[in-house]
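The values are calculated or read from the model by the stated rules, or taken from the named source; none is laboratory data. On a predicted model such as this, the values are computed, not experimentally measured, just so you know. Cβ coordinates were reconstructed from backbone atoms using ideal geometry, including for glycine residues, and neighbour counts include every protein chain displayed. Protein only, heavy atoms only, side chains kept; ligands, DNA and RNA dropped before computing areas. Shrake-Rupley method; radii C 1.70, N 1.55, O 1.52, S 1.80 Å.
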Amino acid sequence: WENNLMKNKFNSSVLYNGYVYGLDEGILTCLNVQTGERKWKGGRYGYGQLLLASGHLVVISEQGELALVKATPDQYTEVAKFAAIEGKTWNNPALAGGRLLVRNQTQMACFNLSGSR
């Protein structure tokens, strides 16, 4: 199949359980990888970045907001969202050892997701 339903700029999509999730012109989108059918489109994150972790999408928006979205084709479901850093954020987040790292040109933040200190 071929379509124009996923127009990534300089951000990458992720593949999970037969569906591709990515930022189509800044709006989070889910496509069926076999058919190209769009399952849903929701959440305006600008030209941010995303990664997949434990069945969820961790999205850092272009404005520095961090969102957790369920990675399911059923519907767009944003579980949580908060301001992580300030300013234009185009950098990829990183997850290692239970810690989530986000950064932009002037700021960096680390969030402990493991529950331990």
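Name the residues in the stretch 84-117 that are polar (S, T, N, Q), open to solvent by less than 100 Å² (accessible area, probe 1.4 Å), within 15 Å of GLY48 (Cβ to Cβ) and more than 14 Å from the chain's Cα centre (by Cα), would you? Write out each step before concluding.
Keep residues of the stretch 84-117 that are polar (S, T, N, Q), which gives 89, 91-92, 104-107, 112, 114, 116.
Restricting the remaining residues to those that are open to solvent by less than 100 Å² (accessible area, probe 1.4 Å) gives 89, 91, 104, 107, 112, 114, 116.
So of that shortlist, the ones also within 15 Å of GLY48 (Cβ to Cβ) come out as 89, 91, 104, 107.
Those that are polar (S, T, N, Q), open to solvent by less than 100 Å² (accessible area, probe 1.4 Å), within 15 Å of GLY48 (Cβ to Cβ) and more than 14 Å from the chain's Cα centre (by Cα): ASN104, GLN107.
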So, VAL58, is that one assigned to a strand (DSSP E or B), at pLDDT 95 or above, more than 25 Å from ASN3 (Cα to Cα) and more than 11 Å from the chain's Cα centre (by Cα) or not? no
Residue count, the stretch 62-73 (criterion: open to solvent by 30 Å² or more (accessible area, probe 1.4 Å) and either of a type in the set (A, V, I, L, M) or in a strand (DSSP E or B) (or both)): 3
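Regarding the stretch 38-53, can at least one residue be identified that is more than 19 Å from MET6 (Cβ to Cβ), surrounded by 16 or more Cβ atoms within 10 Å (Cβ to Cβ) and in contact with a Gly (Cβ under 7 Å, 6 or more places away or on another chain)?
The answer is no, given that none of the residues of the stretch 38-53 is more than 19 Å from MET6 (Cβ to Cβ), surrounded by 16 or more Cβ atoms within 10 Å (Cβ to Cβ) and in contact with a Gly (Cβ under 7 Å, 6 or more places away or on another chain).
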Name the residue, out of TYR76, TYR19, that is surrounded by 15 or more Cβ atoms within 10 Å (Cβ to Cβ), touching a Pro at 6+ places or on another chain (Cβ under 6 Å), at pLDDT 95 or above and of a type outside the set (Lys, Arg). TYR19
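On the given criteria, is LYS7 part of a loop (DSSP other than H, G, I, E, B) and either of a type in the set (D, E, K, R) or touching a Pro at 6+ places or on another chain (Cβ under 7 Å) (or both)? Break it down stepwise before answering.
Working: part of a loop (DSSP other than H, G, I, E, B): yes; either of a type in the set (D, E, K, R) or touching a Pro at 6+ places or on another chain (Cβ under 7 Å) (or both): yes.
Yes; evaluated as a whole, the condition is true for this residue.
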Failed criterion for THR77 (all others in (1) touching a residue at least 40 places away in the same chain (Cβ under 8 Å); (2) under 22 Å from LEU113 (Cβ atoms); (3) not hydrophobic (A, V, I, L, M, F, W, C) hold): (1)
